[in-house]
1. Compute the signed sum of charges (Lys and Arg +1, Asp and Glu -1) over the other residues within less than 12 Å, Cβ to Cβ, of HIS63.
2. Can you put THR77, THR64 in order of Cβ neighbours within 10 angstrom, beginning with the fewest?
3. Mean-square fluctuation check for the chain, GNM, Cα pairs under 10 Å: which of ALA118, ALA33, ALA105 is largest?
4. In whole Hz, with x marking every Gly and Pro, tabulate ³J(HN,Hα) for the range 41-57 from phi via Karplus 6.51 cos²θ - 1.76 cosθ + 1.60, θ = phi - 60°.
5. Can you tell me the 0 to 90 degree angle between the C-alpha axis of helix 2-17 and the longest principal axis of the chain, rounded to 10?
6. If the cut-off is 12 Å between C-alpha atoms, which aspartates and glutamates fall inside it for LYS139, apart from same-chain ones fewer than 8 positions away?
7. Over the chain, with a Gaussian network built from C-alpha contacts below 10 Å, which listed residue (ASP48, ASP103, ASP90) shows the highest mean-square fluctuation?
8. Can you put SER122, SER72 in order of Cβ neighbours within 10 angstrom, beginning with the fewest?
Amino acid sequence: MKNKILVVIASLFLMACSDSGGSGSSGGTGGGASPATVPQPEPVKTQDLVAPDGFTFNPVTAHTLEINLSGSLPERTHLSVYSAYTEGTDGKYIVDYDSKVIDAALVNGALTIEFSLAESQSTIVAEIWSYDGSLPIQKEFAIDSNPLVWD
């Protein structure tokens, strides 16, 4: 009895999964009409593409930061430049330390440093840290001129 039930269930399962639906016909879709063919567009070749004059695939721009604060800083200071930050309610900048672009030591309060930024970056924040434990000096720069100057 168990074998008969298994055979019936297996037969029903196979009929449900077959294309013919158990009707015994071995012909195609039964509708007689073939589906309309959709014309395919011609593929675009790389040699057919045109870029405007002055277009570059390089999304990175080079910048220079010149700092000359000699005489107004302690002897040992360090510069950090950040690309992501927000302005706090007190007017100070809250930088995202994971967005550090570059850092370097200042020598007698002066430094000229070159770095690269994404072309879409419009502003940065620079911080000068001293080793005496005081809060950093911060300045925001708009990336609209080169070199960027802090004096």
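Read the figures in this text as sums done on the coordinates, not as results from a lab. Because the structure is predicted, anything quoted here is derived from the model rather than measured. Here the Cβ is made from the backbone with ideal geometry for all residues, glycine too, and neighbour counts use every protein chain on show.
1. -4
2. Arranged by neighbour count, lowest to highest, THR77, THR64 become THR64, THR77.
3. ALA33
4. x, 5, x, 7, 8, 4, 5, 7, 6, 10, 9, x, 4, x, 6, 10, 8
5. 70 degrees
6. By straight Cα distance, LYS139 reaches GLU87, GLU127, ASP151.
7. ASP48
8. Ranking SER122, SER72 by Cβ neighbours within 10 Å, fewest first, gives SER72, SER122.
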